[in-house]
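J.: Next up is a structure, given as C-alpha coordinates.
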Number of protein chains: 2
Amino acid sequence: MEALTRRQRKCLEAVLECLRRTGRAPTYRELGRMLKIASTQGVRRHLEALARKGYLVMKATARGIELSEEVRGAVGIPILGRIAAGRPIEALENFEGAVDVVSMYGSYPEVFAVRVVGDSMIDAGLQEGDLAVVRAAPRVENGAIAAVAIDGEATVKRFHAEVGAVTLAPANPRYAPRIVRDGEAEVRVLGRVIGIVRKLGSI
Amino acid sequence: MEALTRRQRKCLEAVLECLRRTGRAPTYRELGRMLKIASTQGVRRHLEALARKGYLVMKATARGIELSEEVRGAVGIPILGRIAAGRPIEALENFEGAVDVVSMYGSYPEVFAVRVVGDSMIDAGLQEGDLAVVRAAPRVENGAIAAVAIDGEATVKRFHAEVGAVTLAPANPRYAPRIVRDGEAEVRVLGRVIGIVRKLGSI
DNA sequence: CATGATAGTGAACGATCGTTCACTAGTCAA
DNA sequence: TTGACTAGTGAACGATCGTTCACTATCATG
(Lines give C-alpha, C1' and ligand atoms only; values in the text may rest on other atoms or scores of the structure.)
Protein backbone atom coordinates (compact mmCIF):
# COMPACT_ATOMS: atom_id res chain seq x y z
CA MET A 1 0.00 0.00 0.00
CA GLU A 2 1.03 3.56 -0.63
CA ALA A 3 3.30 5.12 1.97
CA LEU A 4 2.00 7.62 4.49
CA THR A 5 3.43 10.85 5.79
CA ARG A 6 4.21 10.99 9.49
CA ARG A 7 1.14 13.07 10.21
CA GLN A 8 -1.14 10.80 8.20
CA ARG A 9 0.22 7.81 10.10
CA LYS A 10 -0.53 9.54 13.41
CA CYS A 11 -4.02 10.21 12.15
CA LEU A 12 -4.58 6.56 11.16
CA GLU A 13 -3.18 5.45 14.50
CA ALA A 14 -5.63 7.76 16.26
CA VAL A 15 -8.54 6.30 14.31
CA LEU A 16 -7.44 2.74 15.14
CA GLU A 17 -6.94 3.58 18.80
CA CYS A 18 -10.39 5.08 19.01
CA LEU A 19 -11.90 2.01 17.35
CA ARG A 20 -9.99 -0.27 19.70
CA ARG A 21 -10.96 1.64 22.81
CA THR A 22 -14.58 2.45 22.14
CA GLY A 23 -15.56 0.27 19.21
CA ARG A 24 -16.69 3.24 17.17
CA ALA A 25 -15.05 5.67 14.81
CA PRO A 26 -14.11 9.15 16.01
CA THR A 27 -15.67 12.35 14.73
CA TYR A 28 -13.55 14.98 13.01
CA ARG A 29 -13.56 17.09 16.14
CA GLU A 30 -12.57 14.20 18.36
CA LEU A 31 -9.70 13.42 16.02
CA GLY A 32 -8.75 17.08 16.08
CA ARG A 33 -8.53 16.95 19.86
CA MET A 34 -6.38 13.81 19.73
CA LEU A 35 -4.03 15.27 17.10
CA LYS A 36 -4.14 18.86 18.36
CA ILE A 37 -5.70 20.24 15.21
CA ALA A 38 -8.21 23.03 15.79
CA SER A 39 -10.05 22.99 12.47
CA THR A 40 -12.17 20.14 11.15
CA GLN A 41 -10.77 20.99 7.75
CA GLY A 42 -7.27 20.16 8.91
CA VAL A 43 -8.45 16.75 10.06
CA ARG A 44 -10.41 16.23 6.88
CA ARG A 45 -7.33 16.74 4.71
CA HIS A 46 -5.60 13.84 6.44
CA LEU A 47 -8.63 11.61 6.18
CA GLU A 48 -8.98 12.43 2.49
CA ALA A 49 -5.34 11.48 1.95
CA LEU A 50 -5.85 8.22 3.87
CA ALA A 51 -8.97 7.48 1.81
CA ARG A 52 -7.17 8.28 -1.45
CA LYS A 53 -4.33 5.93 -0.51
CA GLY A 54 -6.78 3.16 0.29
CA TYR A 55 -6.56 3.00 4.06
CA LEU A 56 -9.99 4.39 4.87
CA VAL A 57 -13.40 4.77 3.37
CA MET A 58 -15.26 7.98 4.17
CA LYS A 59 -19.04 7.95 4.43
CA ALA A 60 -20.96 11.20 4.62
CA THR A 61 -22.63 10.26 7.88
CA ALA A 62 -21.86 10.87 11.53
CA ARG A 63 -18.76 8.92 12.60
CA GLY A 64 -18.59 7.81 9.01
CA ILE A 65 -14.96 6.73 8.94
CA GLU A 66 -14.60 3.06 7.98
CA LEU A 67 -11.41 1.08 7.61
CA SER A 68 -10.74 -0.25 4.15
CA GLU A 69 -10.98 -4.00 3.71
CA GLU A 70 -7.21 -4.27 3.48
CA VAL A 71 -6.72 -2.48 6.77
CA ARG A 72 -9.62 -4.26 8.43
CA GLY A 73 -8.03 -7.60 7.56
CA ALA A 74 -4.73 -6.41 8.95
CA VAL A 75 -5.60 -5.00 12.36
CA GLY A 76 -4.82 -8.20 14.17
CA ILE A 77 -1.36 -9.17 15.30
CA PRO A 78 0.95 -8.55 12.36
CA ILE A 79 2.80 -11.42 10.78
CA LEU A 80 6.32 -10.25 10.23
CA GLY A 81 8.16 -11.86 7.36
CA ARG A 82 11.19 -9.67 7.53
CA ILE A 83 12.38 -8.92 11.00
CA ALA A 84 13.32 -5.41 10.02
CA ALA A 85 9.67 -4.47 9.63
CA GLY A 86 8.29 -2.14 12.27
CA ARG A 87 4.91 -1.72 13.85
CA PRO A 88 1.97 -1.16 13.58
CA ILE A 89 1.18 1.05 10.62
CA GLU A 90 4.62 0.74 9.10
CA ALA A 91 3.97 -2.99 8.86
CA LEU A 92 0.86 -2.24 6.81
CA GLU A 93 2.88 -0.73 4.04
CA ASN A 94 4.65 -4.03 3.44
CA PHE A 95 1.96 -6.14 4.85
CA GLU A 96 2.13 -9.92 5.03
CA GLY A 97 -1.03 -10.73 6.92
CA ALA A 98 -2.32 -10.73 10.45
CA VAL A 99 -3.15 -13.28 13.08
CA ASP A 100 -6.70 -12.98 14.23
CA VAL A 101 -8.84 -16.03 14.48
CA VAL A 102 -11.93 -13.90 14.02
CA SER A 103 -10.78 -12.57 10.66
CA MET A 104 -9.19 -15.94 9.82
CA TYR A 105 -12.32 -17.93 10.41
CA GLY A 106 -15.02 -15.33 10.68
CA SER A 107 -17.32 -14.94 13.62
CA TYR A 108 -20.25 -16.90 12.36
CA PRO A 109 -22.70 -19.23 14.07
CA GLU A 110 -21.12 -22.28 12.45
CA VAL A 111 -17.67 -21.69 13.91
CA PHE A 112 -16.88 -22.39 17.55
CA ALA A 113 -14.06 -23.78 19.67
CA VAL A 114 -13.60 -26.63 22.12
CA ARG A 115 -10.77 -27.20 24.53
CA VAL A 116 -8.58 -30.24 23.93
CA VAL A 117 -8.49 -32.61 26.91
CA GLY A 118 -5.67 -35.14 27.28
CA ASP A 119 -2.77 -35.98 25.00
CA SER A 120 -4.48 -38.52 22.76
CA MET A 121 -3.89 -36.39 19.66
CA ILE A 122 -0.35 -35.36 20.44
CA ASP A 123 1.12 -36.80 17.24
CA ALA A 124 -1.26 -34.65 15.25
CA GLY A 125 0.08 -31.64 17.09
CA LEU A 126 -2.86 -31.11 19.46
CA GLN A 127 -1.74 -30.61 23.02
CA GLU A 128 -3.75 -30.64 26.21
CA GLY A 129 -5.35 -27.26 26.72
CA ASP A 130 -5.25 -26.23 23.06
CA LEU A 131 -8.37 -24.63 21.68
CA ALA A 132 -9.60 -26.49 18.62
CA VAL A 133 -11.49 -24.22 16.25
CA VAL A 134 -14.35 -26.21 14.76
CA ARG A 135 -16.52 -25.55 11.77
CA ALA A 136 -19.85 -27.09 12.62
CA ALA A 137 -21.01 -29.73 10.13
CA PRO A 138 -23.27 -32.77 10.46
CA ARG A 139 -20.62 -34.98 8.85
CA VAL A 140 -16.97 -34.82 7.88
CA GLU A 141 -14.88 -36.72 5.37
CA ASN A 142 -13.13 -39.88 6.49
CA GLY A 143 -9.74 -39.30 8.06
CA ALA A 144 -10.42 -35.71 9.05
CA ILE A 145 -9.78 -34.49 12.56
CA ALA A 146 -13.23 -33.90 13.95
CA ALA A 147 -14.96 -32.80 17.11
CA VAL A 148 -17.41 -35.52 18.06
CA ALA A 149 -19.89 -35.84 20.89
CA ILE A 150 -20.17 -39.36 22.32
CA ASP A 151 -23.23 -39.56 24.53
CA GLY A 152 -23.02 -35.79 24.92
CA GLU A 153 -19.34 -35.65 25.82
CA ALA A 154 -17.14 -33.83 23.36
CA THR A 155 -13.84 -35.21 22.11
CA VAL A 156 -11.43 -34.50 19.27
CA LYS A 157 -10.28 -37.48 17.21
CA ARG A 158 -9.56 -38.59 13.70
CA PHE A 159 -12.91 -39.70 12.30
CA HIS A 160 -13.66 -42.70 10.10
CA ALA A 161 -17.18 -43.75 9.18
CA GLU A 162 -17.64 -47.38 8.18
CA VAL A 163 -20.65 -49.56 7.53
CA GLY A 164 -22.42 -50.03 10.82
CA ALA A 165 -19.80 -48.28 12.93
CA VAL A 166 -17.55 -45.26 13.28
CA THR A 167 -13.92 -45.30 14.37
CA LEU A 168 -12.47 -42.54 16.51
CA ALA A 169 -8.72 -42.83 16.11
CA PRO A 170 -6.32 -41.08 18.47
CA ALA A 171 -2.94 -39.88 17.26
CA ASN A 172 -0.86 -41.36 20.04
CA PRO A 173 0.46 -44.93 20.11
CA ARG A 174 -0.41 -45.16 23.80
CA TYR A 175 -4.12 -45.06 23.01
CA ALA A 176 -6.20 -47.53 21.02
CA PRO A 177 -8.80 -46.47 18.45
CA ARG A 178 -12.34 -46.57 19.70
CA ILE A 179 -14.82 -48.35 17.48
CA VAL A 180 -18.41 -47.44 18.16
CA ARG A 181 -20.94 -49.74 16.53
CA ASP A 182 -24.38 -48.39 15.65
CA GLY A 183 -26.58 -48.33 18.71
CA GLU A 184 -23.70 -48.79 21.15
CA ALA A 185 -23.53 -45.10 21.90
CA GLU A 186 -24.87 -41.91 20.45
CA VAL A 187 -22.14 -40.43 18.24
CA ARG A 188 -22.80 -36.98 16.90
CA VAL A 189 -20.32 -35.23 14.62
CA LEU A 190 -19.98 -31.63 15.75
CA GLY A 191 -17.73 -30.56 12.92
CA ARG A 192 -14.25 -30.50 11.47
CA VAL A 193 -11.28 -29.03 13.29
CA ILE A 194 -10.06 -26.20 11.10
CA GLY A 195 -7.62 -24.50 13.44
CA ILE A 196 -5.70 -24.61 16.66
CA VAL A 197 -5.02 -21.79 19.08
CA ARG A 198 -2.60 -22.35 21.92
CA LYS A 199 -1.65 -20.03 24.71
CA LEU A 200 1.78 -20.64 26.23
CA GLY A 201 1.98 -19.23 29.71
CA SER A 202 0.98 -15.65 30.29
CA ILE A 203 1.97 -12.52 28.44
CA MET B 1 -25.70 -12.07 32.14
CA GLU B 2 -29.39 -11.35 32.27
CA ALA B 3 -31.51 -13.14 29.69
CA LEU B 4 -32.88 -11.30 26.66
CA THR B 5 -36.24 -11.38 24.98
CA ARG B 6 -36.33 -12.64 21.42
CA ARG B 7 -36.70 -9.14 20.03
CA GLN B 8 -33.88 -7.77 22.17
CA ARG B 9 -31.67 -10.59 20.95
CA LYS B 10 -32.49 -9.73 17.34
CA CYS B 11 -31.62 -6.15 18.11
CA LEU B 12 -28.25 -7.04 19.64
CA GLU B 13 -27.54 -9.32 16.69
CA ALA B 14 -28.29 -6.46 14.32
CA VAL B 15 -25.89 -4.18 16.19
CA LEU B 16 -23.16 -6.83 16.09
CA GLU B 17 -23.74 -7.52 12.41
CA CYS B 18 -23.47 -3.84 11.60
CA LEU B 19 -20.26 -3.57 13.60
CA ARG B 20 -18.87 -6.63 11.87
CA ARG B 21 -19.80 -5.46 8.40
CA THR B 22 -18.95 -1.78 8.56
CA GLY B 23 -16.87 -1.39 11.70
CA ARG B 24 -19.20 1.23 13.11
CA ALA B 25 -22.32 1.22 15.16
CA PRO B 26 -25.72 1.69 13.49
CA THR B 27 -28.01 4.67 14.04
CA TYR B 28 -31.47 4.21 15.50
CA ARG B 29 -33.00 4.61 12.07
CA GLU B 30 -30.63 2.09 10.48
CA LEU B 31 -31.49 -0.39 13.20
CA GLY B 32 -35.15 0.36 12.60
CA ARG B 33 -34.73 -0.53 8.94
CA MET B 34 -32.93 -3.79 9.83
CA LEU B 35 -35.58 -4.77 12.38
CA LYS B 36 -38.57 -3.34 10.50
CA ILE B 37 -39.39 -0.82 13.19
CA ALA B 38 -40.66 2.50 11.88
CA SER B 39 -40.16 4.67 14.94
CA THR B 40 -36.85 5.54 16.54
CA GLN B 41 -38.60 5.25 19.86
CA GLY B 42 -39.34 1.59 19.21
CA VAL B 43 -35.66 0.98 18.58
CA ARG B 44 -34.66 3.01 21.59
CA ARG B 45 -36.74 0.86 23.93
CA HIS B 46 -34.77 -2.21 22.91
CA LEU B 47 -31.44 -0.45 23.25
CA GLU B 48 -32.41 0.83 26.70
CA ALA B 49 -33.27 -2.71 27.74
CA LEU B 50 -29.94 -3.98 26.37
CA ALA B 51 -28.11 -1.22 28.21
CA ARG B 52 -29.98 -1.91 31.43
CA LYS B 53 -29.06 -5.60 31.20
CA GLY B 54 -25.42 -4.77 30.65
CA TYR B 55 -24.97 -5.65 27.00
CA LEU B 56 -24.55 -2.15 25.62
CA VAL B 57 -23.51 1.30 26.68
CA MET B 58 -25.42 4.19 25.15
CA LYS B 59 -23.66 7.49 24.53
CA ALA B 60 -25.66 10.54 23.60
CA THR B 61 -23.71 11.08 20.39
CA ALA B 62 -24.22 10.06 16.80
CA ARG B 63 -23.80 6.30 16.41
CA GLY B 64 -23.23 6.26 20.12
CA ILE B 65 -23.93 2.58 20.75
CA GLU B 66 -20.95 0.84 22.34
CA LEU B 67 -20.68 -2.78 23.36
CA SER B 68 -20.15 -3.39 27.06
CA GLU B 69 -16.77 -4.74 28.08
CA GLU B 70 -18.26 -8.16 28.73
CA VAL B 71 -19.71 -8.36 25.25
CA ARG B 72 -16.63 -6.83 23.65
CA GLY B 73 -14.48 -9.55 25.21
CA ALA B 74 -16.84 -12.20 23.94
CA VAL B 75 -17.36 -11.35 20.29
CA GLY B 76 -14.68 -13.70 19.05
CA ILE B 77 -15.28 -17.35 18.33
CA PRO B 78 -17.13 -18.75 21.33
CA ILE B 79 -15.54 -21.44 23.40
CA LEU B 80 -18.23 -23.97 24.07
CA GLY B 81 -17.87 -25.95 27.24
CA ARG B 82 -21.20 -27.66 27.06
CA ILE B 83 -22.17 -28.77 23.61
CA ALA B 84 -25.75 -27.87 24.27
CA ALA B 85 -24.86 -24.19 24.22
CA GLY B 86 -26.15 -22.30 21.25
CA ARG B 87 -24.89 -19.38 19.27
CA PRO B 88 -24.13 -16.46 19.17
CA ILE B 89 -26.03 -14.41 21.72
CA GLU B 90 -27.40 -17.40 23.58
CA ALA B 91 -23.80 -18.37 24.29
CA LEU B 92 -23.26 -14.98 25.88
CA GLU B 93 -25.76 -15.67 28.57
CA ASN B 94 -23.68 -18.56 29.87
CA PHE B 95 -20.41 -17.40 28.52
CA GLU B 96 -17.19 -19.34 28.85
CA GLY B 97 -14.79 -17.23 26.82
CA ALA B 98 -13.90 -16.54 23.23
CA VAL B 99 -11.02 -17.31 20.93
CA ASP B 100 -9.54 -14.19 19.48
CA VAL B 101 -5.83 -13.74 19.42
CA VAL B 102 -6.28 -10.00 19.39
CA SER B 103 -8.22 -9.98 22.63
CA MET B 104 -6.06 -12.82 23.99
CA TYR B 105 -2.79 -11.06 23.39
CA GLY B 106 -3.80 -7.53 22.61
CA SER B 107 -2.87 -5.67 19.47
CA TYR B 108 0.11 -3.81 20.73
CA PRO B 109 3.44 -2.94 19.14
CA GLU B 110 5.26 -5.50 21.28
CA VAL B 111 3.25 -8.46 20.02
CA PHE B 112 3.78 -9.93 16.57
CA ALA B 113 3.87 -13.31 14.85
CA VAL B 114 6.36 -15.30 12.81
CA ARG B 115 5.73 -18.36 10.71
CA VAL B 116 7.36 -21.59 11.82
CA VAL B 117 9.61 -23.10 9.16
CA GLY B 118 10.55 -26.79 9.29
CA ASP B 119 9.80 -29.46 11.87
CA SER B 120 12.67 -28.83 14.29
CA MET B 121 10.28 -27.99 17.15
CA ILE B 122 7.78 -30.75 16.50
CA ASP B 123 8.13 -32.32 19.96
CA ALA B 124 7.21 -28.99 21.49
CA GLY B 125 4.05 -29.03 19.41
CA LEU B 126 5.13 -26.50 16.79
CA GLN B 127 4.41 -27.67 13.27
CA GLU B 128 5.62 -26.29 9.98
CA GLY B 129 3.41 -23.41 8.95
CA ASP B 130 2.20 -22.60 12.44
CA LEU B 131 2.13 -18.97 13.40
CA ALA B 132 4.11 -18.34 16.55
CA VAL B 133 2.81 -15.35 18.47
CA VAL B 134 5.77 -13.54 19.98
CA ARG B 135 5.97 -10.97 22.71
CA ALA B 136 8.94 -8.82 21.80
CA ALA B 137 11.63 -8.70 24.48
CA PRO B 138 15.39 -8.15 24.33
CA ARG B 139 16.00 -11.30 26.40
CA VAL B 140 14.12 -14.33 27.62
CA GLU B 141 14.62 -16.72 30.51
CA ASN B 142 16.70 -19.84 29.90
CA GLY B 143 14.72 -22.75 28.54
CA ALA B 144 11.93 -20.63 27.07
CA ILE B 145 10.81 -21.07 23.50
CA ALA B 146 11.99 -17.93 21.79
CA ALA B 147 12.04 -16.28 18.41
CA VAL B 148 15.65 -15.47 17.60
CA ALA B 149 17.28 -13.78 14.65
CA ILE B 150 20.63 -15.31 13.64
CA ASP B 151 22.38 -12.97 11.23
CA GLY B 152 18.98 -11.50 10.41
CA GLU B 153 17.23 -14.80 9.78
CA ALA B 154 14.40 -15.62 12.17
CA THR B 155 14.03 -18.99 13.83
CA VAL B 156 12.06 -20.44 16.74
CA LYS B 157 14.03 -22.56 19.22
CA ARG B 158 14.41 -23.27 22.88
CA PHE B 159 16.85 -20.65 24.14
CA HIS B 160 19.70 -21.11 26.62
CA ALA B 161 22.20 -18.36 27.38
CA GLU B 162 25.54 -19.48 28.76
CA VAL B 163 28.82 -17.76 29.44
CA GLY B 164 30.31 -16.79 26.11
CA ALA B 165 27.69 -18.56 24.02
CA VAL B 166 24.02 -19.22 23.48
CA THR B 167 22.43 -22.57 22.69
CA LEU B 168 19.46 -22.85 20.37
CA ALA B 169 17.94 -26.23 21.07
CA PRO B 170 15.46 -27.85 18.69
CA ALA B 171 12.73 -30.13 20.01
CA ASN B 172 13.27 -32.96 17.58
CA PRO B 173 15.81 -35.77 18.04
CA ARG B 174 16.69 -35.56 14.34
CA TYR B 175 18.28 -32.15 14.84
CA ALA B 176 21.27 -31.19 16.96
CA PRO B 177 21.37 -28.12 19.18
CA ARG B 178 23.18 -25.18 17.70
CA ILE B 179 25.75 -23.53 19.91
CA VAL B 180 26.67 -20.03 18.85
CA ARG B 181 29.75 -18.64 20.52
CA ASP B 182 30.08 -14.90 20.98
CA GLY B 183 31.28 -13.28 17.79
CA GLU B 184 30.55 -16.32 15.64
CA ALA B 185 27.23 -14.90 14.48
CA GLU B 186 24.93 -12.09 15.44
CA VAL B 187 22.21 -13.57 17.64
CA ARG B 188 19.36 -11.26 18.52
CA VAL B 189 16.50 -12.38 20.75
CA LEU B 190 13.23 -11.17 19.26
CA GLY B 191 11.05 -12.33 22.09
CA ARG B 192 9.27 -15.17 23.79
CA VAL B 193 6.73 -17.35 22.02
CA ILE B 194 3.49 -16.88 23.93
CA GLY B 195 1.05 -18.54 21.59
CA ILE B 196 0.49 -20.70 18.55
CA VAL B 197 -2.13 -20.32 15.85
CA ARG B 198 -2.54 -23.06 13.29
CA LYS B 199 -4.83 -23.18 10.32
CA LEU B 200 -5.78 -26.65 9.14
CA GLY B 201 -6.89 -26.60 5.55
CA SER B 202 -9.54 -24.12 4.48
CA ILE B 203 -12.89 -23.36 5.97
C1' DC C 1 -59.75 -7.20 35.94
C1' DA C 2 -55.92 -4.34 36.69
C1' DT C 3 -51.06 -3.82 36.25
C1' DG C 4 -46.60 -3.85 34.48
C1' DA C 5 -43.49 -5.15 30.91
C1' DT C 6 -42.83 -5.45 26.10
C1' DA C 7 -43.46 -3.57 21.46
C1' DG C 8 -44.62 -0.06 18.39
C1' DT C 9 -46.27 4.71 15.68
C1' DG C 10 -45.61 9.58 14.53
C1' DA C 11 -43.95 14.09 15.14
C1' DA C 12 -40.99 17.58 16.65
C1' DC C 13 -36.63 19.87 18.92
C1' DG C 14 -31.92 20.85 19.52
C1' DA C 15 -27.27 19.24 19.38
C1' DT C 16 -23.83 17.12 16.74
C1' DC C 17 -21.44 16.22 12.64
C1' DG C 18 -19.77 16.19 7.82
C1' DT C 19 -19.18 19.58 4.28
C1' DT C 20 -17.62 23.63 2.15
C1' DC C 21 -15.51 28.26 1.41
C1' DA C 22 -11.78 31.58 1.94
C1' DC C 23 -7.27 32.25 3.51
C1' DT C 24 -2.26 31.32 5.44
C1' DA C 25 2.30 29.01 5.63
C1' DG C 26 6.15 25.67 4.99
C1' DT C 27 8.67 22.22 1.98
C1' DC C 28 10.51 20.33 -2.07
C1' DA C 29 11.35 19.19 -6.83
C1' DA C 30 11.16 21.01 -11.65
C1' DT D 1 10.62 30.80 -8.62
C1' DT D 2 6.77 28.61 -9.61
C1' DG D 3 3.76 25.03 -8.90
C1' DA D 4 2.25 20.96 -6.15
C1' DC D 5 1.74 18.92 -1.88
C1' DT D 6 1.26 18.99 2.98
C1' DA D 7 -0.59 21.18 7.09
C1' DG D 8 -3.16 24.41 9.18
C1' DT D 9 -7.18 28.31 10.99
C1' DG D 10 -11.93 29.99 11.34
C1' DA D 11 -16.65 30.39 10.21
C1' DA D 12 -20.93 28.97 8.49
C1' DC D 13 -24.70 25.72 6.36
C1' DG D 14 -27.62 21.87 6.10
C1' DA D 15 -28.27 17.08 7.03
C1' DT D 16 -28.25 13.59 10.38
C1' DC D 17 -28.99 11.84 14.80
C1' DG D 18 -30.29 11.14 19.70
C1' DT D 19 -33.95 12.70 22.62
C1' DT D 20 -38.47 13.41 24.14
C1' DC D 21 -43.60 13.62 24.26
C1' DA D 22 -48.16 11.69 23.56
C1' DC D 23 -50.58 7.76 22.29
C1' DT D 24 -51.80 2.62 21.06
C1' DA D 25 -51.62 -2.55 21.32
C1' DT D 26 -50.44 -7.13 23.13
C1' DC D 27 -49.71 -10.41 26.72
C1' DA D 28 -48.65 -12.79 30.91
C1' DT D 29 -49.45 -12.53 36.01
C1' DG D 30 -51.47 -12.06 40.26
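The values are calculated or read from the model by the stated rules, or taken from the named source; none is laboratory data. Quick caveat: nothing in here was measured; it's all calculated off a predicted structure. Cβ atoms come from the backbone with ideal geometry, glycine included; neighbour counts cover every protein chain shown.
J.: Confirm whether residue A:125 is surrounded by 14 or more Cβ atoms within 10 Å (Cβ to Cβ) and modelled with pLDDT of 80 or more.
T.: In short, yes.
J.: Still on this model: Would you check which residues across region A:168-188 are under 31 Å from the mean Cα position of the chain (by Cα), surrounded by fewer than 18 Cβ atoms within 10 Å (Cβ to Cβ), under 21 Å from residue A:123 (Cα atoms) and not hydrophobic (A, V, I, L, M, F, W, C) and list them?
T.: If the condition is that a residue be under 31 Å from the mean Cα position of the chain (by Cα), surrounded by fewer than 18 Cβ atoms within 10 Å (Cβ to Cβ), under 21 Å from residue A:123 (Cα atoms) and not hydrophobic (A, V, I, L, M, F, W, C), then A:172 is the only one that fits.
J.: Among (1) modelled with pLDDT under 90; (2) crowded, with 18+ Cβ neighbours inside 10 Å, where does residue A:62 come up short?
T.: Of everything listed in (1) modelled with pLDDT under 90; (2) crowded, with 18+ Cβ neighbours inside 10 Å, residue A:62 misses just condition (2).
J.: What do you reckon, is residue A:44 within 13 Å of DNA strand C (Cβ to nearest atom) and assigned to a helix (DSSP H, G or I)?
T.: So residue A:44 fits the description; yes.
J.: Oh, and also: How do the strands (runs of 3 or more DSSP E) wholly within region B:156-203 filter down when requiring 2 or more residues that are within 14 Å of another protein chain (Cβ to nearest Cβ): which remain?
T.: Where strands (runs of 3 or more DSSP E) fall fully within region B:156-203 and carry at least 2 residues being within 14 Å of another protein chain (Cβ to nearest Cβ), they are B:187-199.
J.: Test of understanding: among A:82, A:139, A:87, A:115, which residue is more than 16 Å from DNA strand C (Cβ to nearest atom), surrounded by fewer than 22 Cβ atoms within 10 Å (Cβ to Cβ), facing chain B (nearest Cβ under 9 Å) and modelled with pLDDT of 60 or more?
T.: On inspection, the qualifying residue turns out to be A:115.
J.: Same structure again: Just wondering, is there one or more residues in region A:50-69 that are more than 9 Å from DNA strand C (Cβ to nearest atom), more than 14 Å from chain B (Cβ to nearest Cβ) and charged (D, E, K, R)?
T.: Checking region A:50-69: at least one residue is more than 9 Å from DNA strand C (Cβ to nearest atom), more than 14 Å from chain B (Cβ to nearest Cβ) and charged (D, E, K, R).
J.: A further question follows. When only residues in region A:129-154 that are out of contact with any strand residue (DSSP E or B) (no Cβ under 7 Å at 6 or more places or on another chain) and in a loop (DSSP other than H, G, I, E, B) count, which is nearest to residue A:171 (Cα to Cα)?
T.: A:141
J.: Inside region A:16-42, can you point out the residues that are under 20 Å from residue A:3 (Cα atoms) and within 8 Å of DNA strand D (Cβ to nearest atom)?
T.: Correct list: A:35, A:42.
J.: Out of (1) within 11 Å of DNA strand C (Cβ to nearest atom); (2) surrounded by fewer than 19 Cβ atoms within 10 Å (Cβ to Cβ); (3) within 14 Å of chain B (Cβ to nearest Cβ), the odd one out for residue A:22 is which?
T.: Checking residue A:22 against (1) within 11 Å of DNA strand C (Cβ to nearest atom); (2) surrounded by fewer than 19 Cβ atoms within 10 Å (Cβ to Cβ); (3) within 14 Å of chain B (Cβ to nearest Cβ), the one that fails is (1).
J.: Please tell me if residue A:32 is surrounded by fewer than 19 Cβ atoms within 10 Å (Cβ to Cβ) and near DNA strand C (Cβ under 10 Å from one of its atoms).
T.: no
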